[in-house]
Structures are given as C-alpha cells and as structure tokens.
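This report refers to the structure that appears directly beneath it.
The values are calculated or read from the model by the stated rules, or taken from the named source; none is laboratory data. Nothing here was measured: the structure is a model prediction, and the numbers come from that model. No Cβ is skipped: glycine too gets one built from the backbone with ideal geometry, and neighbour counts run over all protein chains shown.
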Amino acid sequence: MPVIATASLSKRYPRVTALDELTVEVGSGVTGLVGANGAGKSTLLKILLGLIAPTAGSAIVLGHDVVTGGEAVRALVGYMPEHDCLPPDVSATEFAVHLAQMSGLPATAARERAADVLRHVGLDEARYRPMGGYSTGMKQRVKLAQALVHDPKLVLLDEPTNGLDPAGRDEMLTLVRRIGTEFGIPVLITSHLLGELEHVCDHIVILDGGRLLRSESKAALTGETGVLAVEVRDLSGRDRLAAALERAGARARPDGPLILVEITGEETFDLVRDAVADLGLGLVRIEPHRHRLEEVFSV
Amino acid sequence: MSDQQFGPQQRAGVIHDIGYRNYDGPRLGRFSIWQALVVSSLRHAYGLGRSGKSKVMPILLLAVMVVPVAIIVGIETALKFDKPPLTPVQYISFLQAVIALYLASQAPQLFSCDLRYRSIVLYLARPLRRTDYALAKLTALVFALMILIGLPLVILYAGALLAKFDFTDMSKEFLSGIVAALLLSILLAAIGGLISAATPRRGFAVAAIIAVLIVSFTAVVTTTAILNPEAGDPGTSARYANLGSPFTLVEVLQSFILRGGGAWKPTTSQGLVFAGVYVLLVAVCVWGVNARYAKVARG
C-alpha cells in the first residue's frame, strides 16, 4: 500500500490554482518533491496534513482520508515546516519534550524520546540552552527532531536545507537519507533544487504550476544513457580525439569539455582507449554518462 | 539490528550508537493532549519551565497580591478586631490594577508568542484541533488568574477563621469572593486572549490590554460620578454604567448571583441584563479567538 496516494487532487483559490488534478503515489524510502517556488509543494503538504481542505479530489495518507481523518493522520505524521518556528526562550530539550506530549506521548516517554531524537540529529551539548542562541544549522536540527520525536510513520520535510551552508546542507541530507533507510521512516522532502535531491532520494515527484510533471524512480531519471563520457587534458586534444573517433567509425560529439561517445558494445571502450593512447593525450576520466535531474526541466 | 551493533566488529569502536529505536508505547487521545497543553501553559503563565527573566513579573505580581492580605491577617488576629477590615470582594476591587497588569503581562505570553515565533504551526500539525488549542490556552489563563486572585482570598478566609470571626458570615463572604474571582478570571481571560491572539506583537498586546482595562474602568467611575453626584444608592442609569468595565460588571453580577457582597443590590431585570452582557462578551471573545486561529491555520 502506498504511504501517500492522491487522486485528481485540486486546490483552487479565487485567483490562483495551487494544485491541478494531481494524481500521484508515494511509497517507502525517500521521495523528493521538486518544483519552483509557487509550484504547489507547500499547499500539497498542508492538504496532506489535513490543515486545508482540497477543492476537489482526494488524498489518502497512511490509510486515512485527509479530509475525514485529519486527526489520525496528524498523529502518525511528522512535519518540519520551511520557516523558523522555534520560541527563543525555551531549550531544545523542553521544546521537544513538550511537542512529544502534544503528539500524545506520556510525559516519561516524551522525555526519553526527546533525548534520543536530539542525539540522532546531532544536538548533544547545546540542547539545554535556550534556542534563541542557536545557529541556523542547529535550529534546523531541532525542527527535524520535533518532527521525529513521536516516532512518526511518515515525515514531511519542507525545504529542510533552507539557509544552510554547503557543509550543513550535506549533513542535513545525510540525516534525511538515514531517516529513510536506517530509521525506516518514509520521507517526503521538498526542494526547489533538483540537484540536492539527486543523492538522497529513491523517487522524485516533479511539480510545475500545480501539475504533475514527472513521477519516477531516481534510477529512471538519472539512469545510464548508453553514452560514454570521455575527458582529456586540453580542448585541442578533445577535438583531435573526436575526429579520430569519427574516423574509426564511432559516433562521437563534443559536449563542453567532454566527448560523448555512443556505446555500441564492448569494442567502444577499446576504441576510445586506443585512440587516446595513439594521440598521446592525457586521459582525465572515462565514465558512463548519466542523465542529470536538471535535464528533466529542459525536456 | 542492535545485535549487530555489539558484534565483534563494532566492539573496537569508541562510540556505541544503539541506533534508532521505535516507540511502541501508548499514544494518548485528544483530551489527554489537551490537558497536557493546559498544564504546560499554566506553568508558563508563572514562568515555570521558562527563562529566569520570565519568572520575575508573574511571581512579583503574585507577591503583591498575597503580601497585603498576609499583613491584614496578622493585624486582625493580633489586635482582635470585631469584624474584618476588608471583605474579599472589596479586596479584588482594590487590587484590580495588579490583576490587570498580570493579565497584560501573561496573556500575550500565552497567545502572541506562538503566533510570533510561528510555533503555532507545529501545534496545528499535531492531533489537537485549533479549537482545542484555543480553549486550552484560555483555560490555562483562567486557572492562572484564579490562582492570582484566589490565593489571597484563601489566606484572608483562613485568617478570618483564625481571628474567630463568625464562621457563617466569613464563609459566605469567602464564597462571594471566589465566585467574583471565577467570573472575573473567565471574563478577563477571554478579553486578554482575544487581544493577544489578534496580534503577534507582544508589546502591542500588553499596551492594548492595559488600555482597554484602565480606560473602561476610568470611564465607568467617571460616568457613575457624573450620573450619581451624591454618594448612596446609585440611580438606574448609574447602575447600568457599571456594564462598561469588566471589573464593575463582574462585581454587580456576583452580587446578583449571591444576593449580596457588592455595594448595592441589582434588581432581577438589572441582574439579568448584567448576566446577559457577561455571557455575550465571553462568547464573542472566545469565538473571536477561535476565528483568529482558523485564519492562522489556513495561512
């Protein structure tokens, strides 16, 4: 059974259509929800939490209809909002304990879970200090911790890497990956950057203007293309190699610093090796060419 | 999974990560969550579980309420008065500025902060409905005011019994005081809650609450003085002027309900008008708070 299933889900406001006939399924593992600002990502999350009612269509989350069973859905789902949502004069521990209780955990269990989860997100020493003094990275970790504190059966993460520096971004994405694999909790993560989801997601859903553009496994989106990418030392070498490969009967074309060679069989690899050796070029890399997620938008 | 963690390969490691643990314990229902929110909000209303700075104001105001009665009790037992120098209802009326200050300092704490720091989103993403949230906050504020107003009354009552005043009279006066305190707490919580929920800016809410309470009380006192220049039993219009401020409204209503305790006794029709206005005011404020959170939930 899919974790999330929507059928012709629409949300119309007087002037804009935020979601238009969206039919999509989300399973276990990490699913990326990608789209530009205003593509309907946050609206979709709010509908999935039962906070706003769809204009038409239906959505089932963990077996509950979001319109009639919003309360049951919210008890089982963890939600990390995009914006800041932490009171500054409370410590992370107290805040996490309180929110665990707000999800229905008894006081002692709440305390235990809060300590556990804060350790998992890597917030050890600072957790007794008021959150007003936290860095953006630490705040994001607390926000993630509060979404996990009641051991949800699904977490919805709205732009968790927002405002983080590259190192913090990598750490956050590693954490998201661990939630989906090691913790075994299905994750729906939104981002407007396709590239950053490339490494953590098993499945990608792409929204554009409230409509479903693509919903595919990452393997399909970034799979091998039957093309070999070759890079050699300098650009004149690139052109000479391309010419040599053409002469030898291979289909090759330059692409930036790379040469893309169509793989016709095992002999293509030998052909490239020999051509590079004959020309005496410095070989930088030779690898199967993959689709990049960015290309999805350009098709 | 934990078996693997302590296998021979892991034993050499320094850090023992016991891995993510699922929570299989009980999950409480909406009412228990509501109770937990009331308790934590009540604690917060006296600065418990918050920074040291936020304890100063509520504890100071509670002291201002309690210390004078302690002194009165001391004097009346030592000097053996014939009758107590002050009735509970009079005491509430004397210290209404302190009560107003408490409301102005703590109502925004309970309502505005979650809006300002947007932690309200985290509550709404949990099983509690927005109405539950609003009612929990209002209930906590009623209890907080009851402690503030009721504690000195209890001390006054205990002192009166120690000084061996007439038990029946004292109990009757104490009861009037408690009824007045309860009516006042409910009305003030509703008004303070509405003003604080309307704005995420705490300072604005503080100023607005003080303004509403002081302006309305001053207006009532002035109008009464103009309509009723000679002291004594006030005329009909002067009586209805008491509708204008929460403090005077509650005082009259209390003496209507218990047939005594106030400065004058309202007739049945006057009493019913006061009761009607009271109920209407509370209902409108509670409805307003709820409507405000409905807007927050959509946004």
> Using beta carbons and a limit of 8 Å, which pairs, at least six apart or on different chains, have the first residue in the stretch A:9-31 and touching a residue at least 60 places away in the same chain (Cβ under 8 Å) and assigned to a strand (DSSP E or B) and the second one of a type in the set (Phe, Trp, Tyr) and surrounded by 14 or more Cβ atoms within 10 Å (Cβ to Cβ)?
Replying inline: none
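Looking at the stretch A:105-143, which of the residues that are part of a loop (DSSP other than H, G, I, E, B) and either within 26 Å of the chain's Cα centre (by Cα) or surrounded by fewer than 23 Cβ atoms within 10 Å (Cβ to Cβ) (or both) is nearest to the other protein chains (Cβ to nearest Cβ)?
Start the filter on the stretch A:105-143 by keeping residues that are part of a loop (DSSP other than H, G, I, E, B), which leaves A:105-106, A:121-124, A:129, A:134-135.
Still in the list and also either within 26 Å of the chain's Cα centre (by Cα) or surrounded by fewer than 23 Cβ atoms within 10 Å (Cβ to Cβ) (or both): A:106, A:121-124, A:129, A:134-135.
Values: A:106: 6, A:121: 11, A:122: 11, A:123: 15, A:124: 11, A:129: 11, A:134: 13, A:135: 17 Å.
That would be A:106.
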> If we keep just the residues of the stretch A:65-104 that are among the charged types (D, E, K, R) and more than 9 Å from chain B (Cβ to nearest Cβ), which is surrounded by the most Cβ atoms within 10 Å (Cβ to Cβ)?
Replying inline: A:82
> Given the structure, is residue A:42 in a strand (DSSP E or B) and more than 9 Å from chain B (Cβ to nearest Cβ)?
Replying inline: no
> Conditions: (1) surrounded by fewer than 17 Cβ atoms within 10 Å (Cβ to Cβ); (2) under 16 Å from residue B:277 (Cα atoms); (3) of a type in the set (Ser, Thr, Tyr). Residue B:218 meets all but one. Number of the miss?
Replying inline: (2)
> Can you name the residue in the stretch B:106-122 that is in contact (Cβ under 8 Å) with a residue 60 or more places away in the chain and buried (at least 23 other Cβ atoms within 10 Å of the Cβ) and is also nearest to the other protein chains (Cβ to nearest Cβ) among such residues?
Replying inline: B:109
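For residue B:229, indicate whether it is buried (at least 17 other Cβ atoms within 10 Å of the Cβ) and not in a helix (DSSP H, G or I).
no
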> within 30 Å of residue A:154 (Cβ to Cβ) and either within 14 Å of chain A (Cβ to nearest Cβ) or at pLDDT below 90 (or both), is that true of residue B:50?
Replying inline: no
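Taking the stretch B:158-210 as the region of interest, how many residues are closer than 30 Å to residue B:76 by Cβ, basic (Lys, Arg) and part of a helix (DSSP H, G or I)?
Residues flagged as closer than 30 Å to residue B:76 by Cβ, basic (Lys, Arg) and part of a helix (DSSP H, G or I) within the stretch B:158-210 amount to 1.
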>> I'd like to know if the stretch A:8-25 contains one or more residues that are in the same structural domain as residue A:78 (by TED's automatic domain parsing), small (Gly, Ala, Ser), surrounded by fewer than 17 Cβ atoms within 10 Å (Cβ to Cβ) and touching a Gly at 6+ places or on another chain (Cβ under 8 Å).
In response: yes
>> Quick test for you: out of B:33, B:99, pick the one residue that is over 27 Å from residue B:159 (Cβ atoms), touching a helix residue (DSSP H, G or I) at 6+ places or on another chain (Cβ under 8 Å) and assigned to a helix (DSSP H, G or I).
In response: B:33
> Residues in the stretch B:47-54: is at least one out of contact with any Lys or Arg (no Cβ under 9 Å at 6 or more places or on another chain), closer than 30 Å to residue B:128 by Cα and in contact (Cβ under 8 Å) with a residue 24 or more places away in the chain?
Replying inline: yes
>> Go through (1) at pLDDT 95 or above; (2) more than 9 Å from chain B (Cβ to nearest Cβ); (3) touching a helix residue (DSSP H, G or I) at 6+ places or on another chain (Cβ under 7 Å) for residue A:146 and report which single condition fails.
In response: (2)
> If a residue has to be in contact (Cβ under 8 Å) with a residue 24 or more places away in the chain and surrounded by fewer than 17 Cβ atoms within 10 Å (Cβ to Cβ) to count, how many in the stretch A:215-233 make the cut?
Replying inline: 5
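Residues of the stretch B:87-96 being in a loop (DSSP other than H, G, I, E, B) and either within 20 Å of residue B:61 (Cα to Cα) or within 14 Å of another protein chain (Cβ to nearest Cβ) (or both), which ones?
The answer is B:95, and nothing else.
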> Out of (1) surrounded by 23 or more Cβ atoms within 10 Å (Cβ to Cβ); (2) at the interface with chain B (Cβ under 9 Å from one of its Cβ atoms); (3) over 23 Å from residue B:51 (Cα atoms), the odd one out for residue A:184 is which?
Replying inline: (1)
> When both residues are 6+ apart or on different chains and their Cβ atoms are under 6 Å apart, which pairs have a first residue that lies in the stretch B:123-146 and is away from chain A (no Cβ under 14 Å), and a second that is surrounded by fewer than 24 Cβ atoms within 10 Å (Cβ to Cβ) and of a type in the set (A, V, I, L, M, F, W, C)?
Replying inline: B:139/B:38; B:141/B:110; B:142/B:186; B:143/B:42; B:144/B:42
